[in-house]
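Only the coordinates and a few stated rules stand behind these numbers; no lab work does. Since the structure is predicted, the reported quantities are computational estimates derived from the model, not experimental observations. Positions of Cβ are backbone-derived with ideal geometry, glycine not excepted, and every protein chain shown enters the neighbour counts.
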Amino acid sequence: MNDLVTGLPPLSAVRAFEAAARHGSFTRAAAELGMTQAAVSYQIKLLEERLGLPLFQRQARRVILTEAGERLGISVTDAFDGLRGAFAAVTETAEGVLSIQAMPTLAANWLAPRLGLFQCANPSLAIRLVPRAIQRESEADDCDVAILRGSGQWPGLEAHWLMTNEYSPLCGPGLFRHLGRAPEPSDLLAVPRFGCPKSWASWFAAAGLSSASLPNEPRIDLVVQQYEVTAALAGNGAVMAQPAFFRRELNQGVLVQPFDVMLRDGQDYWLAYPARRRNSRKIRLFRDWLLKEARDG
């Protein structure tokens with residue numbers, strides 16, 4: 001809808017007038033708006049022509065509002081103050097909540113136990129954790145920050161390396177005893193296995209087994225590593241998982257890592273966020289804190 005229909009003059013002209021009326025100076029208005037003094041003068045002239053009224057008396061070294069300019073200035077300044085307040089409120093609300101996207105297992109076992117420390121150090125921030133089993137870098141824009149797995153190269157995102165993605169088979173103590181006193185990686189071929197078949201095949205190869213020795217059997221892939229480890233804890237089989245996410249269970253002995261062979265697939269974990277938001281205060285606070293947590297283990 002054009003300005004003639006709405007009765008509103010161009011916002012650029014109104015904005016120039018509001019700043020000039022508030023400062024009582026075209027020069028100071030131009031400095032505030034990042035314009036030249038001539039551009040401010042031109043915008044106000046357009047507004048005066050639109051209204052058919054002079055808004056300023058131009059004098060040698062200053063400008064003075066006319067009676068019409070004073071009346072208009074009060075209303076326009078009030079309107080702009082309302083807009084400034086509205087935008088400030090939105091910004092304050094947005095900056096007061098930090099939303100974090102992460103894969104469920106990492107979120108539950110590594111990130112969530114640490115978030116309380118971050119919130120205590122930053123009490124003005126509220127935390128919202130969004131677990132997502134299937135991650136796409138395009139979805140990282142839905143939250144303030146995301147912990148993604150991959151190469152660290154995503155268009156439009158700034159990424160910081162957090163940790164290596166390393167796998168090894170894990171199982172319950174009962175199944176570990178079933179493997180015998182000196183188990184071999186090949187012993188895992190005879191037990192139920194949870195997880196990605198490709199990861200298992202890669203691990204067996206790293207452990208020295210040829211692909212020809214791997215059986216072509218049905219697999220159970222529960223998608224979320226946490227679910228698969230829960231199944232393993234119940235004694236239902238072995239799972240290909242990341243020991244770093246289950247240190248408590250391993251230390252307590254309710255979960256066992258039978259072999260030292262670790263598989264690294266090159267898909268590490270990265271903290272990512274839109275590059276255009278790199279200067280957001282809450283993102284900078286969380287980035288600096290999380291990178292230190294990752295370094296400290």
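See the values below:
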quantity: Nitroxide proxy distance, nm - points 7 Å out along Cα→Cβ at ILE220 and ALA38; calculated: 7.8 nm
quantity: Computed FRET value (nearest 0.05) for ARG62 with PHE259, which takes r as the C-beta separation and R₀ as 51 Å; calculated: 0.05
quantity: Under the Karplus curve 6.51 cos²θ - 1.76 cosθ + 1.60, θ = phi - 60°, whole-Hz ³J(HN,Hα) for the stretch 242-247, x wherever Gly or Pro sits; calculated: 9, x, 4, 8, 10, 5
quantity: With Cα atoms, 0 to 90° folded angle of helix 67-95 axis to the chain main axis; calculated: 10 degrees
quantity: Reachable lysines from LYS292, criterion Cα separation under 26 angstrom, eight or more residues apart if same chain; calculated: LYS282
quantity: Cα gyration tensor, the stretch 166-264 - rounded (a/c under 1.5), prolate or oblate; calculated: rounded
quantity: Amide H contacts under 5 Å for ALA238, placed H, 5+ residues apart; calculated: ARG193, PHE194
quantity: Interchain or long-range residues, amide H under 5 Å from SER99's placed H; calculated: ARG128, ASP144, VAL145
quantity: Calculated from backbone phi, Karplus (6.51, -1.76, 1.60) coupling profile of the stretch 200-209 in Hz, x at Gly/Pro; calculated: 5, 4, 5, 5, 4, 5, 5, 8, x, 8
quantity: HN-Hα J in Hz across the stretch 156-172 - Karplus 6.51, -1.76, 1.60, θ = phi - 60°, x for Gly and Pro; calculated: x, 10, 9, 10, 10, 5, 10, 7, 6, 9, 10, 10, 7, x, 10, 7, x
quantity: Read-out Cα Rg over 2.2 N^0.38 Å, derived from the coordinates shown; its label in (1) 1.09; (2) 1.22; (3) 1.62; calculated: (3)
